[in-house]
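For reference, the structure is listed below as structure tokens.
The values are calculated or read from the model by the stated rules, or taken from the named source; none is laboratory data. None of the values given here were measured: they were computed from a predicted structure. All Cβ positions, even for glycine, are placed from backbone atoms using ideal geometry, and neighbour counts span all protein chains on display. We work out accessible area using only protein heavy atoms, side chains counted, and drop any ligands, DNA or RNA first. Shrake-Rupley method; radii C 1.70, N 1.55, O 1.52, S 1.80 Å.
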Amino acid sequence: QRQMCIRDSDSCDLLSNNIPNHDFNDDSAAFATNVATVNQSFTLPRNPALAAEPTALSQRTYDGIMLNGVPLDLLSAGCYAPNHPLADVDGNVHIGCNTDDPWLLDPLGTTSKFGADQHNAHTQPNGSYHYHGNPHAMFDDHPGPYGSPVIGFAADGFPIYGSYFYDEDTGSVRMALSGYTLKPGSRPESAYDPGGSYDGTYIDDWEYTASGDLDACNGMEINGQYGYYVTDRYPWVIGCLSGAPEGSFDK
């Protein structure tokens, strides 16, 4: 693992070789390719600002970078495509789908987790290691009096925290709750729709209902500081970007 941050007055350039500072590819994983050294550079604005409208996540960009130099890349390229020659028994393919395709698979909503290891990470075909959710080695469930630390930065420059924050209303530290809930009932069933219950297999199984602490992008402001929080259900870390994404996160 190697990473460093080069600062100037407006930004910080984080340079990394993409190798994590924890074990990876454990017995629960099924990586398609071995982890490889991939030199990467990301520019983080030192004073990010909230945008008038959020930016949707894209398969063409990384969503964030963790302090250990491993990118956050939440979207899959899999979806429901029953007529595709590579479709499995459920009609799903794991590659070749676009962000705008309906019934995009959520990697952490599938039984296989796309072959991810215990840190919810796996590799791209070039060996680039990346997270799809909670990078468990970067924070624990025993936070200090102010909650979880910063564990990374989103592509818009805002910090990413672990799961815990100090709740002024209750005077205690607790886990941040996602505002997304599973849709009730069952999915439509047709040649283009998978049918079955809304169980989290697909991103479209979820809807934002403001039922938790976090906004639609999975962030909130505490003591004047906006940030994203790791959650135990969709969208896991980031649902969209509340600020303008920085160009260095383009793949």
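Mind grabbing the accessible area of S197 for me, 1.4 Å probe, Å², rounded to tens?
70
If you take the beta carbon distance between E221 and D88 as r and set R0 to 51 Å, what does 1/(1 + (r/R0)^6) give as a FRET efficiency, to the nearest 0.05? Please list the in-between numbers first.
On the way: r = 42 Å, r/R0 = 0.82.
So, using R0 = 51 Å, E works out to roughly 0.75.
For the range 97-157 and the range 70-85, compute the distance between their C-alpha centroids and round to whole Å.
14
Per-residue HN-Hα couplings for the range 212-222, Karplus 6.51 cos²θ - 1.76 cosθ + 1.60 at θ = phi - 60°, whole Hz, x for Gly and Pro?
3J(HN,Hα) across the range 212-222, in whole Hz: x, 8, 9, 7, 5, 8, 6, x, 7, 9, 10.
Tally Lys/Arg at +1 and Asp/Glu at -1 over every other residue whose Cβ is under 12 Å from the Cβ of F249; what's the total? Can you show the working numbers first?
Numbers: positive: R60, K251; negative: D63, D73, D156, E246, D250.
In short, -3.
Mean-square fluctuation check for the chain, GNM, Cα pairs under 10 Å: which of S112, S163, S41 is largest?
S112
If contacts are Cα pairs under 8 angstrom and at least 6 residues apart, what is the relative contact order of the range 30-133 in percent? Each step should come with its number before you reach the end.
Details: 157 pairs, mean separation 34.9, N = 104.
The normalised contact order for the range 30-133 reaches 34 percent.
Spin-label point model (7 Å from Cα, Cβ direction): what's the E53 to A191 distance in nm?
3.4
Non-local amide H neighbours of Y164 (under 5 Å, H modeled in plane, Pro and chain starts lacking H): which ones?
Those qualifying (amide H under 5 Å, at least 5 residues apart or on another chain) are S148, A176.
Pull up all non-local amide H partners of G64: gap of 5 or more, or a different chain, and H-to-H distance under 5 Å with H placed in the peptide plane.
Here the answer is L72, A155, since their amide H atoms fall under 5 Å of that of G64.
Suppose a student asked you for the relative contact order of the range 37-88, using Cα pairs under 8 Å spaced at least 6 residues apart; what percent would you report? Before the final figure, lay out the partial values.
On the way: 24 pairs, mean separation 11.0, N = 52.
RCO, the range 37-88: 21 percent.
Using alpha carbon centroids, what distance separates the range 46-65 and the range 162-178, in Å?
For the range 46-65 versus the range 162-178, the Cα centre distance is 24 Å.
Apply the Karplus parameterisation 6.51 cos²θ - 1.76 cosθ + 1.60, with θ equal to phi minus 60°, to every residue of the range 115-122 and state each ³J(HN,Hα) to the nearest whole Hz, in sequence, with x for glycine and proline.
So the J values, rounded to whole Hz, are x, 5, 8, 5, 9, 6, 9, 8.
Quote the relative contact order of the chain in percent (integer), defining contacts as alpha-carbon pairs under 8 Å separated by 6+ residues. Working shown, then result.
Working: 608 pairs, mean separation 54.0, N = 251.
Relative CO of the chain lands at 22 percent.
Quick one: ranking D10, D213 by accessible area, 1.4 Å probe, largest first, what do you get?
D10, D213
Just the number, please: percent antiparallel of the DSSP beta bridges in the chain, rounded to the nearest 5.
On the way: 44 of 47 bridges.
Bridges in the chain are about 95 percent antiparallel.
Scan around A32 for amide H atoms under 5 Å from its own, H built in the peptide plane at 1.01 Å from N, and keep only partners 5 or more places away or cross-chain.
Here the answer is T123, since their amide H atoms fall under 5 Å of that of A32.
Can you list the HN-Hα couplings for the range 25-36, worked out from phi with the Karplus curve (6.51, -1.76, 1.60; θ = phi - 60°), rounded to whole Hz and with x for Gly and Pro?
6, 6, 5, 7, 8, 8, 5, 6, 9, 6, 5, 10
At 0.36 nm per residue, minus the direct Cα-Cα distance, what do Q124 and S28 gain on full extension? Give it in nm, one decimal, please. It would help to have the intermediate numbers written out before the result.
Values: separation 96, 0.36 × 96 = 34.56 nm, distance 1.75 nm.
Gain in length upon complete extension: 32.8 nm.
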